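The structure under discussion appears below in the form of structure tokens.
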Amino acid sequence: MSELSFEQMLNESFKTIRNGEVVEGTVIDVKEDEIILNIGYKADGILTKNEYSNDQSINLKDIAKPGDTMEVKILKVNDGEGQVLLTYKRLAAEKGNKRLEEAFESREVLKAKVTQVLNGGLSVVIDEARIFIPASLVSDSYEKDLSKYADQEIEFVITEFNPRRRRIIGDRKQLILAEKAKLQEALFARINPGDVVEGTIKNVTDFGAFIDLGGADGLLHISEMSWGRVENPKKVFKVGEPITVLIKDINGDKIALSLKFEDENPWLTADEKYAVGNVVEGKVARMTDFGAFVELEPGVDALLHVSQISHEHVEKPSDVLSVGQVITAKVVDFNGEEKKISLSMKVLEAAPEAEEFIEE
């Protein structure tokens, strides 16, 4: 029986390895772009920065130090230079895929940081396994610019799991909808018509404003924004501002809001302010052929009939008055139940003297 050479004995003292095998190694050295490990083989193992992680911003010297042990996977037994190429991220991705598969089957809510903002959605990574969240599943409403999610931690569920096709899809939208449904149920359980609640202005249109009440939106119609008139809601309300509103009505999932608080109703004291005989000032708000409507205060208008403008004949109010003009008139009629007030300007004028006719 022939004796083995020293080199043969040395080689046999090392274990054999093959591509794809998972081994444990001890860190020998850490360089800027690679980690060198003793894996119990005749050649050292090389773990490059690219094969450690997809995140190239990491510093390998912050990750490992000599003496640390690491579990790695054999990528290539001989790289052509007698070294063994290793990978950590692919092993982590396999474990990550297993983790995601379990989350997919159990519908577990996951949390991860957004690593990339793409044209079509967001990319997140869990244990080196990449999940794609399409733009349509990022939120419950369309968002043109997804850049605000960069580096943010978000929650989602896995709705499609197909690692062979590298297709792992996450969904954040359904979590938002579920939370909103929960908040909506709680909101409708506690509010009633007549309640005064706090909200946030969400959107302003020409016909009103939508107020976020924390679970559902309510509509503050332009006609309910003031006891007076609001010509342009966008000049009065700003998105994001807090607001206190009155719940006027609830019809199914629709909530009608108002800023016409009853204790601020100007008609509560109108009978004293505008009693018959009182001389008042007001601003011409609008005109018709039969008269002008005069705003005495926000929410209280009075009619100045064309026949009460002057002792002289007036064909139309617009012949002598203009919108926005401040006039002084006397209250000649007050009807609180019907909220009607009549004014006269001519009673404050001296009546013209009658012309004398002399017979020749």
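A straight Cα-to-Cα reach below 19 Å connects LYS346 with the lysines LYS283, LYS316, LYS330, residues fewer than 8 places away in its own chain not being considered.
Computed extension length for GLU105-GLU281: 55.9 nm, one decimal, from 0.36 nm per residue of separation with the Cα-Cα distance subtracted. Suppose R0 equals 45 Å; then what is the FRET efficiency for LEU177 and THR48 from their Cβ-Cβ distance, rounded to the nearest 0.05? According to the calculation, E is roughly 0.55.
Each part gets one Cα centre, and for the range 89-133 versus the range 171-214 those centres are 32 Å apart.
Normalised size of the range 52-96, defined as Cα radius of gyration per 2.2 N^0.38 Å with N residues, equals 1.27.
In the range 72-132, one over the average inverse separation of all distinct C-alpha pairs is 13.4 Å, which is the Kirkwood hydrodynamic radius. With the simple spin-label model, which puts each label point 7 Å out from Cα in the Cβ direction, the LYS316 to GLU153 separation comes to 7.0 nm.
Shown here for the range 206-273: chymotrypsin sites (Phe, Trp or Tyr not before Pro) in loop regions (DSSP other than H, G, I, E, B) with at most 13 other Cβ atoms within 10 Å, namely PHE207, PHE261.
Peptides 106-113, 212-219, 21-28 ordered by packing proxy, namely the average of other Cβ atoms within 10 Å per residue, highest first: 212-219, 21-28, 106-113. Our analysis of the range 150-300 gives Rg over Rh at 1.21, with the two radii drawn from alpha carbon positions and Rh computed by the Kirkwood formula.
According to the Cα gyration tensor, what semi-axes, each the square root of 5 times an eigenvalue, does the equivalent ellipsoid of the range 75-226 have, listed from largest to smallest in whole Å? Mind showing how you got there, number by number?
Details: eigenvalues 422, 56, 23 Å².
Taking √(5λ) for each Cα gyration eigenvalue gives 46, 17, 11 Å.
Restricting the GluC sites (Glu not before Pro) of the range 142-234 to loop positions (DSSP other than H, G, I, E, B) with no more than 12 neighbouring Cβ atoms within 10 Å leaves GLU231. Hey, any idea what the orientation-averaged projected area of the convex hull of the range 232-337's Cα atoms comes to, in nm²? Projected over every direction and averaged, the Cα hull of the range 232-337 covers 9.7 nm².
The Rg/Rh ratio of the range 135-196, with Rg taken over Cα atoms and Rh as the Kirkwood radius over Cα pairs, comes to 1.16. Calculated on the alpha-carbon coordinates, the convex hull of the range 285-342 measures out at 84 cubic angstrom per residue. A Gaussian network model of the chain, with springs between Cα atoms under 10 Å, assigns the largest mean-square fluctuation among LEU321, LEU86, LEU100 to LEU321. Of the Cα atoms belonging to the chain, the radius of gyration and Dmax stand at 40.2, 171 Å.
Taking every DSSP helix (H) stretch of at least 4 residues in the chain, weighting each as -39,500 (n - 2.57) and dividing the sum by the residue count yields a mean residue ellipticity at 222 nm of -4500 deg cm²/dmol.
A 1.4 Å probe run over the protein chains yields, for the chain, 62 Å² of accessible area per residue, whole-number rounding.
If the chain between GLU231 and VAL332 were fully stretched, how many nm would it gain, using 0.36 nm times the residue separation less the Cα-Cα distance?
33.4 nm
When the GluC sites (Glu not before Pro) in the range 295-329 are filtered for DSSP coil states and for at most 15 other beta-carbon atoms within 10 Å of their beta-carbon, the remaining sites are GLU312, GLU315. Between LYS95 and VAL196, the modelled label-to-label distance comes to 5.9 nm, taking each label 7 Å out from Cα in the direction of the beta carbon.
Using equal-weight Cα scatterers in the Debye expression, the normalised intensity of the range 183-261 in log10 at q = 0.17, 0.26 Å⁻¹ is -0.58, -1.32. Quick one: with all protein chains in place, what share of the accessible area of the chain is carbon or sulfur, to the nearest percent (1.4 Å probe)? Using a 1.4 Å probe with all protein chains present, the chain comes out at 47 percent carbon and sulfur.
The values are calculated or read from the model by the stated rules, or taken from the named source; none is laboratory data. Everything numeric here is computed off the predicted structure, so don't read it as measured data. Heads up, the Cβs are rebuilt from the backbone with ideal geometry, glycines too, and the neighbour counts pull from every protein chain shown. Keep in mind that these areas ignore ligands, DNA and RNA; they rest on the heavy atoms of the full protein, side chains included. Shrake-Rupley method; radii C 1.70, N 1.55, O 1.52, S 1.80 Å.
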